[in-house]
Structures are given as C-alpha cells and as structure tokens.
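The values are calculated or read from the model by the stated rules, or taken from the named source; none is laboratory data. All of these numbers come straight from a predicted model, not from anything done at the bench. Backbone-built Cβ (ideal geometry, glycine too); neighbour counts: all protein chains shown. Heavy atoms of the whole protein, side chains included, go into the accessibility calculation; ligands, DNA and RNA do not. Shrake-Rupley method; radii C 1.70, N 1.55, O 1.52, S 1.80 Å.
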Amino acid sequence: MEQMSFRSRSMFRDNEQDSDSFIDLDKLWTAVMRRLGIIIACVVAAMILASIYLFAAQPTYTAMTQILIDENLSRFAEEQDEVQSAQQIDNRMSSAVEILKSKALALRVVDDAELSDNDLIVDPPRSPLDIVKSTIKNVVFALRPAEPPASEEAMRSGRREKAAAVLQQSLNVNRVGRSSVIALAVVSPDPQLSARIAKTYANAYIEEQLNANFDASEKASVWLQERLNDLNARAQQASLAVEQYKIEHGLVSPRGELLSTQQLADLNSQLIIAQADAATASARYEQYRAIIDQGPEAAVNNAVVSTRETDNSILQDLRKRYLAASERQQAIVQQFGADHQQAVALNAEKEDLAQQIYRELEQLTSSFRNEFEVASSREKSLRQSIEQVSGTNSEANVSMVQLAELEQKAAALKTLYQSYLTRFERASQLQSFPIAKARVISEAGVPTAPSSPKKTMTMVLSIVLGLMVGGGLAGFLEMRERYFRTGEDVQSKLGLRFLGYLPHIMSKKLPLEALAGNEPQQALEGEAIDFRQMMRYAVDAPRSSFAETLRNTRLACDVVLQGKKPRVIGVVSCLPGEGKSTVAANFAGVLAASGVRTLVVDADMRNPGLSKMLSAEPQIGLVEVVLQEAEWAQAVRVDRRSKLAILPIASNARKLAHTSELLSSPGMARFLDSARDTFDVIVIDLAPLVPVIDAKALEPQVDGFIFVTQWGATPVKTVQNVLSAEPQIASKLIGTVLNNTDMSQLHRYAEPGTPEQFRERYISYYEA
C-alpha cells in the first residue's frame, strides 16, 4: 500500500540542521543513482568527442636524447678550478638549456639537416582550424594592394627562418632533476625525422661548444700577443732607465746598496758595541772607586766583589791569608785573651794584609779608569764618523726615492709581462683543445608509437571530464530539486502525516464489469449522472494502488476525526493543476462505494474542475443553493454505480467575484447544516490556497483538510510559506497525499532501506 504511518511531527521541522556536520552517504548515493543517466550520457558524449578528436588529430612522434654537461671531461688538459657552488652549477645548467633553445642553434640544425626544404617542417599538415585561419588570411591578403614578388634569396631565407621557428616550437629542453643531464625532446609528424633532428641537435650543441672554445681562445691569443709585445718593450725600457739612473748618481755598490748606506750600517754596529763597552767600563770603574773611597778598613770586605768581577789571584791569596789569620786570632783570644802576645802578632799581620789588599785594589781601579777613558774616546770617535757619513747618505737618499720608483715600475711591468705570458701560453694550448665539456649519454632512437595524441590518456581524460560535467550537471539539477518526491520529504519538511502516493493515471478502457454496472439509478430528488472515467478511477479499479491510498486517507480521517459525525472534509492544494478535484472526486467515490453516505461539493467557484468533469452541463448548483434560489436536493447529481452525490457549480455562476464572501455567508452554513442530516461525510473541493482565500473563508465549517501536492511539481518553499500564513488551516490538516506520482521513478528518490525501494516486491498486490 502506497502510504505512510500516522505519526505526527512538529510543523516545518528542519532535519537538515546537522547537514554541515557530516555527509549523508545514503542521500548522496541516492542522488547519484537518480542522476546516473545524465552522468552516463555526459561520459558517452565526452568519449564520442574524444574519439572524433583522436580520429581527426595528426599523430606526432617524440624522439629524446640526453646530454651530460661535465666539467671533468677536460680535467686532464686544463688546470683544475675551485669547487663550484650549487648556484654556479645551476647557472651553468640554465645557460646550457637556453643555448639549446636559442635561434642560432636552431638555424644551425636547419642547415646541417637540410630542413629548409622539408615540407613536414616548413609546411606541416594543418588542422581544420588552421585551414580556416589560413583561408581568412589569404582573403585579407587578397584585399590588400599587391606587393612586388620576393626574390629567390629572400624566399630561401624566409623558409630557413620558418624552419628554425618550427624547430624551436617543437623542441622541449629540460634539466633532469638536480643532475647535470639535459633532456632534449623533438616532436614531429615523422618518427624518422624526429630522431634525425634530435641527433643533429645534440651534435650541433657539442660542435658549438668546441667552436665557441676555439673562437674564444683564438681571440684571446691574438689580444694577449699584442699585449705581450707592448709589455715586453715597456719592461725593457723601465729596466734600462733604472740602470742609467744608478750610473748617473753613483748609486752602485758591490752588494747592490749605496756605499754610504753600507758604511753607516757598519758604523752604527760598531757604535752600539762601543757604547756597551763604555758603559761596562764606567760601571766597573765607579764600583772600584767607591771601594777605594771607603778606606783600607773596608777594603778587606769589599775585596769579595773584586774577586768576583776579576780573575785576580793575588787578591784571592791575600784574602785567604787574611781570613786564616783572623780565625787563629779569634781562637787565641778565646783561649788566652786579647793581650796575648801571639794574638797581638796576628793582629799586626792582619793589618799588613789589609794594606796589601787596599794597594792591590788601587791598582785595579787605576787600570779600570784607563779602560773607561779608552772606551769613551772610541764611542766619541764613532759618533763623529756617523755624523759625517749621515750627511753624505741624506743626499743619496733623495736620489734613492726616484730610484725606488723606477725599480718599482720596472718590477711591475716584469710581473705583468710574466702573467700575460702564462695566460698566452695557456690560451695557445686551449686553442687546439679537442674535447668539449658535454657528451651524449643517451642516443635518440626512432619512436615506435606516437606521443600525441595519447589514445589511452585521452579516453581516460574524456571519461573523467564526462564524469565531472555529468556530476556538475547532476549537482546543478539536485540543487534545483525543490519539490516533494517522497513521503519522507513531506514528513521532514512539513511535519505532516503522509497519506500515500497517488499514481499518475492515464485514460484507458474500464473493465467490462465496471461498464456493466453503470445503470441509471434515482438518488434523492436529483438527476442521475455519469461521471467521467477520471473521476471514478478508484471506484472502477478498487484493487489499484490509487484506491489503496485513498482508503488509507479515509482511515486517517477516521483516526483524526474519531467521534465526529457527520464530517466535513475539505480537499485543498497550494497551486492550480495539482489534481485536487480528481482526488476529491475519487476519495468521495471510495467512501460512497463502501456504503458511506457521501456528498462531494465543488466549492472552487472560479475554476470548478470537478463540475467540468461531469458529462452534462449543470443548470443549478452550489451558488443557487447558497443564495437560496434552489434546494440543494434539486442541484445534487448521483452516480449510479457508487451512489455518490455531487453538488456542482452551474456554468452561469462561474464568474462571481466575491466567492469568499459567498462561502462564509449564512446561506453556506445553512446548506451544510441541512446536508449533515442526510450525509455521513461531506467532501468539499476547495480553491487553491495561493491565488484565493476561499478555503480560509470556509475553514470554520470544515472539520479537517486533506492537502494535495503534485509529485515533483509543487515547490516545498511555497507549501511552507502558505501553511505558515494559514495556521488555522494547518492545524486542521489530516495529512498530505502526493498526486500524479511517477511510480516507475519513485525508487530513484528514495533512500536505501525505505519502503519505496521495495515497491517491485509488493506491486503484485495491486491491479490497475
């Protein structure tokens, strides 16, 4: 049965409040499966476009060679430089890449490989877009004034330049990682041509390196030779000027110095020695003179100093004798006293020895005075000699300043000449150096498969692009999905009971047994009528899912309006065309077919859809009844099969302006009160809620409303806004049915595990 439970939910509960906290995988999977056809169509379209591209694209082939830039290749013939930094290596590799991309090298390759006459290079196959561009250019050139034809030489040069430009565009040069290897790739329509160009490029680069080294060395040798000749002549002139100046000023000596300078140095050395000798003699003389000045008594004690300073054996002997006599005297004095004769004799001996020591010291002092006077005289003489030589040397020093300048100039020119001579010899050797600082480490081979277009990659990318476009389009369609599709949408977004799905029904022949039952029967005082097939579909097909949903709606009314008899049930919708009249007629027919005395009233006075479904045009109807121009029993029509009574709207009363006032009038209330005495259920087909307020005007007389929304057509926001604006009607809503449901597509909008996903398993319970 296409229905849901009667659980009540709060009005407009937004269960999307937590949608930002996580991804609902069930909803995502449902959306993907729902839009799977669009995604597949986009993928197929992308693959078709990729196939067209692969069919029309010109295949190209890529040949690659690798060149090693290595400074160590010339290490045995050149001097080793300092270790290069990483930045210097990067600069060298970048320079090599730019040289390989240069126009000069491209022109050389064109000449070496004779590519200026190769049509694949000069005039390659063109794509349709290139053909269109060429046609436009030809038309523009045709409209311009004619120019004189170019010469053959100019045309040949133009083809050469064009071939070089094409080569530069087809060339791809990159450094391999952080290594010293450069990968050179050439793309062309011919695999043999690609390999030939790549090989020619590698050889041309190596030859270019050799030629560049040779040209640079040759130019350096010529320039260095000129500089050497000039420096040699200038160095010789400077050396001759030095020697001539020495001869003119007498500045020549055996040791290469000035004579005065040599003499002054010798005298200074002698003066230093003489000063030291004079100072020594003076100190010694002053010391001995001080000893003599103290007298003979102190001479014995001071004789110790003299024995240390001089090697005088006489003084040493006299002092030893003096000390021995002094020791014997002390011994006798201790034993016999100072008056002893021997003690007196020893004392006299001591005095005699002291006099001898004093006289010896006087002789030494006299000799030291003579030495001091000699040393002082020699020092004075040396000073006088130095003064004389210094006067002569000062004059020579003036000349030495000019001589030093000349010698410095000569030495500088000689050093510069030696430096340039070394560089010249090195350049001469490098001029014939046969080894370049680059070599091919990977020879270019003939490609066996085209590098472009890459079929597998193109198809994979087309699939990915198709998935992206399809996913984007599907996402866009999902973003525009603002309608009711499932009962869960009704419950979550409106907070109303979901009463079930009403399938989209199409006109078809009724069963024979249904047709046989359409015998005219008299009901009340009205005339018997024949409903059209659409109005009595549920009665003619009682085992269909359509009828089952209406029976579920009846059950909901019984539950919600329990104890309320008779009942007035209004059928409303938001917008016109949602099928509320068909629902009202079929719902009333189901009630009448089950034995319930049922009256269906067409109260949509501006667009009475239910009345339009009648087989005959009514002459009197609801308006006349409300205005008390006729009794309702005269205006009611009765279905012969289901005993359903219908109160239509006459055709002449469908242009009323104040319909809401008519529905809220006392006449309408009197009519309903009178009808309640005859019928158990009164079903009223009301006007839509958005365009008019008729339903709001009749709301006090209605016990409950059945809300009809069209599956996939009624916007959710519209229903929410209408029910928010009409709380009186919203509070009396029994439930909502989804009308015109495409049951074959319903499962695509249902989440996994919901009843809609299992419809195929219970569809056998229904019959159309």
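What pairs come up if the first residue lies in the range 94-121 and is closer than 15 Å to ALA198 by Cα, the second is assigned to a helix (DSSP H, G or I) and among the polar types (S, T, N, Q), and their beta carbons are under 7 Å apart, counting only those six or more places apart or on different chains?
LYS101/GLN168; ALA106/GLN168; VAL109/THR200; ASP112/THR200; ALA113/THR200
Can you tell me which residues in the range 485-499 are under 53 Å from the mean Cα position of the chain (by Cα) and in a strand (DSSP E or B)? Explain how you work it out, then say what you get.
At the first step, the residues of the range 485-499 found to be under 53 Å from the mean Cα position of the chain (by Cα) are 485-498.
Within the range 485-499, PHE498 is the sole residue that qualifies.
What are the pairs, 6+ residues apart or on separate chains, where a residue within the range 442-453 that is over 16 Å from THR65 (Cβ atoms) has its Cβ under 8 Å from a residue that is small (Gly, Ala, Ser) and assigned to a loop (DSSP other than H, G, I, E, B)?
Short answer, once both residue conditions are applied: SER452/ALA57; PRO453/ALA57.
If you take just the strands (runs of 3 or more DSSP E) that sit entirely in the range 611-717, which of them hold at least 3 residues that are without any contact (Cβ under 8 Å) to a residue 24 or more places away in the chain? Can you show your working first?
On the way: elements: 637-639, 645-647, 681-685, 704-710.
Per the criteria, no element qualifies.
Across the range 616-666, what is the number of residues that are touching a Pro at 6+ places or on another chain (Cβ under 7 Å), buried (at least 20 other Cβ atoms within 10 Å of the Cβ) and either modelled with pLDDT under 85 or not aliphatic (A, V, I, L, M) (or both)?
4
Considering only the range 574-610, state which residues are closer than 17 Å to CYS557 by Cα, outside any helix (DSSP H, G or I) and open to solvent by less than 20 Å² (accessible area, probe 1.4 Å). So that I can check it myself, show each step before the final result.
In the first step, residues of the range 574-610 are kept if they are closer than 17 Å to CYS557 by Cα; the result is 580, 583-600.
Now drop any that are not outside any helix (DSSP H, G or I), which leaves 594-600.
THR598, LEU599, VAL600 - these are the residues of the range 574-610 that are closer than 17 Å to CYS557 by Cα, outside any helix (DSSP H, G or I) and open to solvent by less than 20 Å² (accessible area, probe 1.4 Å).
Going by the conditions given, is ALA233 at pLDDT below 80 and either of a type in the set (Gly, Ala, Ser) or open to solvent by 60 Å² or more (accessible area, probe 1.4 Å) (or both)? Give the derivation first.
On the way: at pLDDT below 80: no; either of a type in the set (Gly, Ala, Ser) or open to solvent by 60 Å² or more (accessible area, probe 1.4 Å) (or both): yes.
Judged against the criteria, ALA233 is not a match.
List the residue pairs whose Cβ atoms are under 7 Å apart, where the first residue sits in the range 467-490 and is open to solvent by less than 80 Å² (accessible area, probe 1.4 Å), the second is aromatic (Phe, Trp, Tyr), and the two are 6 or more positions apart or on different chains.
These pairs meet every condition: PHE484/TRP711; ARG485/TRP711; ARG485/TYR749; THR486/TYR749; GLY487/PHE498; VAL490/PHE484; VAL490/PHE498.
Is it the case that the range 155-176 has a residue that's over 45 Å from the mean Cα position of the chain (by Cα), farther than 30 Å from LYS414 by Cα and either open to solvent by 80 Å² or more (accessible area, probe 1.4 Å) or touching a residue at least 40 places away in the same chain (Cβ under 8 Å) (or both)? Give the steps one after another, and end with the answer.
Taking the range 155-176 as the starting set, the residues that turn out to be over 45 Å from the mean Cα position of the chain (by Cα) are 155-157.
This time we only want the ones that are farther than 30 Å from LYS414 by Cα, so: 155-157.
Those still in the list that are either open to solvent by 80 Å² or more (accessible area, probe 1.4 Å) or touching a residue at least 40 places away in the same chain (Cβ under 8 Å) (or both) too: 155-156.
Yes.
Checking GLU726 against (1) touching a strand residue (DSSP E or B) at 6+ places or on another chain (Cβ under 8 Å); (2) open to solvent by 20 Å² or more (accessible area, probe 1.4 Å); (3) not β-branched (Val, Ile, Thr), only one condition comes out false. Which one?
(1)
How about the range 29-58: which of its residues are surrounded by 16 or more Cβ atoms within 10 Å (Cβ to Cβ) and either closer than 28 Å to PRO447 by Cα or modelled with pLDDT of 90 or more (or both)? If you could, list the steps in order and put the result at the bottom.
We begin by selecting, within the range 29-58, every residue surrounded by 16 or more Cβ atoms within 10 Å (Cβ to Cβ); these are 30-31, 34-35, 38-39, 42-43, 46-47, 50.
Scanning the range 29-58 gives CYS42, VAL43, ALA46, MET47, ALA50.
Please specify each residue of the range 524-554 satisfying the condition of being in contact with a Pro (Cβ under 6 Å, 6 or more places away or on another chain), part of a helix (DSSP H, G or I) and modelled with pLDDT under 80.
Once the filter is applied, which keeps residues that are in contact with a Pro (Cβ under 6 Å, 6 or more places away or on another chain), part of a helix (DSSP H, G or I) and modelled with pLDDT under 80, the range 524-554 yields nothing.
Would you mention how many residues in the range 426-449 are open to solvent by less than 70 Å² (accessible area, probe 1.4 Å), within 37 Å of the chain's Cα centre (by Cα) and either modelled with pLDDT under 85 or among the hydrophobic types (A, V, I, L, M, F, W, C) (or both)?
So the answer is 4.
May I ask you to list the residues in the range 734-764 that are open to solvent by less than 20 Å² (accessible area, probe 1.4 Å) and part of a strand (DSSP E or B)?
ILE734, GLY735, THR736, VAL737, LEU738, ASN739, THR741
Could you list, in sequence order, the residues of the range 682-711 that are over 60 Å from the mean Cα position of the chain (by Cα) and open to solvent by 10 Å² or more (accessible area, probe 1.4 Å)?
LYS696, ALA697, GLU699, PRO700, GLN701, ASP703 - these are the residues of the range 682-711 that are over 60 Å from the mean Cα position of the chain (by Cα) and open to solvent by 10 Å² or more (accessible area, probe 1.4 Å).
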